[in-house]
Amino acid sequence: MRTITLEEHFTTPAFRAGAGRKRQEHAEKVGGRLAKVFEQLADVGEKRIAEMDAAGIDMQVLSLTSPGCEQLEAAEAIALAREANDFLKEAVKKYPKRFAGLAAMPTAAPDQAAAELERMVRDHGFVGAVIHGHNRGRYFDNKFFWPVLERAEALGVPIYLHPTLPPQAVIDVSFGGFAPAVTDAFAGSGWGWHIETAVHILRMILGGVFDAYPKLQFVIGHLGEALPFMIQRFEERLAPSLTKLQRPVGAYLRENVNYTIAGFNFPAAFLDLLLEVGVDRIMFSADYPYNGMEPARAFLEQIPVSAADRERIAHGNAEKLFKLAP
């Protein structure tokens with residue numbers, strides 16, 4: 001069975017010296033597993049491929065790691081996105097059967113972001129884009145960003161919405177008041193990251209993004225960032241009579257949003273996602289190197305679906321959405 005993973009990360013020298021510097025320095029200070037993660041992020045060559053082989057992973061769709069370009073000034077974001085994309089295109093060119101690329105974009109400069117996306121898709125065969133959440137407190141329901149969305153729809157490529165920390169004011173009010181380590185985890189991967197991403201998707205739905213661009217496709221990880229659990233409630237409380245949208249909120253979540261596992265190897269949560277959105281919207285991922293490829297591969301073998309549906313999740317849905325050769 002072929003396997004394609006979709007939330008797999010890398011860094012570049014410029015990223016480690018700039019947007020990712022604080023995280024890099026923290027990893028070096030702490031050492032241990034975190035230092036190993038940052039070592040793995042830096043490798044897009046034979047060592048990574050050897051790990052893929054050992055875990056039974058055939059292809060990774062790679063994206064620049066968090067916090068991406070979204071928290072940078074426009075000029076710095078433009079330079080970093082181009083550097084990261086040029087770095088990644090060389091890895092994809094060298095290993096075209098093992099790697100595919102999602103373009104980083106300088107979202108603070110939407111016209112340039114759209115142009116950079118087109119450059120990477122048309123000239124270098126990238127299969128989509130990645131954004132890391134809000135842009136300094138602005139979300140993509142804001143029409144400032146819509147040139148990016150328009151270009152993605154025109155190119156027929158999806159956008160992967162990766163989590164990021166909530167805006168600092170939200171962290172202070174909703175996640176503060178605890179020991180710093182607790183606040184960091186609470187606002188980050190323990191809760192805040194996922195809810196922040198869910199809010200971003202809902203803002204785009206309620207803001208009319210998918211009415212304006214009905215063919216646009218987004219991808220989110222972590223079995224839907226808690227959204228599937230709430231679909232029934234959205235249908236009750238955010239009906240079209242209130243929202244003035246063309247469709248119920250659940251329809252957008254089933255028709256414009258796709259979902260990956262991304263290290264959430266949790267059977268009950270998987271079943272909820274499966275029941276709410278159907279197998280054709282679910283794709284495999286490991287969230288490497290933050291989570292291991294081996295546990296992800298083992299989970300894929302254990303999920304309670306038919307052999308045909310397992311194939312869809314493992315590779316078929318990704319091949320269709322990202323136009324990857326089967």
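The values are calculated or read from the model by the stated rules, or taken from the named source; none is laboratory data. Model, not experiment: these values are computed from the prediction. Quick reminder, even Gly has a Cβ in these numbers, built from the backbone with ideal geometry, and neighbours come from all protein chains shown.
Annotations for the structure displayed:
- Among the residues of the range 103-138, the ones that are part of a loop (DSSP other than H, G, I, E, B), within 16 Å of the chain's Cα centre (by Cα) and among the small types (G, A, S) come to 1 in all.
- Top-ranked residue in the range 129-138 [being among the small types (G, A, S) and crowded, with 21+ Cβ neighbours inside 10 Å; ranked as nearest to L64 (Cα to Cα)]: A129
Per-residue answers, yes or no, for (1) modelled with pLDDT under 95; (2) out of contact with any strand residue (DSSP E or B) (no Cβ under 8 Å at 6 or more places or on another chain); (3) not in a loop (DSSP other than H, G, I, E, B):
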residue	(1), (2), (3)
R23	yes, yes, yes
K47	no, yes, yes
E90	no, yes, yes
G101	no, no, yes
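- Residue within the range 64-79 that is within 19 Å of the chain's Cα centre (by Cα), among the charged types (D, E, K, R) and closer than 21 Å to I220 by Cα present: yes
- Only listed residue being touching a residue at least 12 places away in the same chain (Cβ under 8 Å), within 30 Å of R2 (Cα to Cα) and in contact with a Phe, Trp or Tyr (Cβ under 9 Å, 6 or more places away or on another chain), chosen from A113, A91: A91
- Residues (out of contact with any Ser or Thr (no Cβ under 9 Å at 6 or more places or on another chain) and either at positive phi or hydroxyl-bearing (S, T, Y) (or both)) located in the range 138-190: Y139, G156, S174, T183, S189
- Considering the conditions (1) within 22 Å of L161 (Cα to Cα); (2) surrounded by fewer than 22 Cβ atoms within 10 Å (Cβ to Cβ), G68 is excluded by exactly one of them, (2).
- For the range 139-249, the helices (runs of 4 or more DSSP H) that sit wholly inside it and include 3 or more residues that are surrounded by fewer than 16 Cβ atoms within 10 Å (Cβ to Cβ) are 180-187, 227-237, 240-243.
- As a summary of the residue check, A308 satisfies the conditions (1) buried (at least 18 other Cβ atoms within 10 Å of the Cβ); (2) not in a loop (DSSP other than H, G, I, E, B) except for the one numbered (1).
- Residues in the range 234-247 that are of a type outside the set (D, E) and either over 25 Å from the mean Cα position of the chain (by Cα) or over 13 Å from L202 (Cα atoms) (or both): R237, L238, A239, P240, S241, L242, T243, K244, L245, Q246, R247.
- The residue that is farthest from F145 (Cα to Cα), among those in the range 55-74 that are part of a loop (DSSP other than H, G, I, E, B) and touching an Asp or Glu at 6+ places or on another chain (Cβ under 9 Å), is G56.
- Filtering the range 52-65 to residues that are crowded, with 20+ Cβ neighbours inside 10 Å and of a type in the set (G, A, S) leaves only S63.
- The lone criterion from (1) crowded, with 20+ Cβ neighbours inside 10 Å; (2) modelled with pLDDT under 95 left unmet by R16 is number (1).
- Considered as a group, the residues in the range 264-295 that are free of Cβ contacts under 8 Å to residues at least 60 places away in the same chain and outside any helix (DSSP H, G or I) include one that is surrounded by the fewest Cβ atoms within 10 Å (Cβ to Cβ), and that residue is G278.
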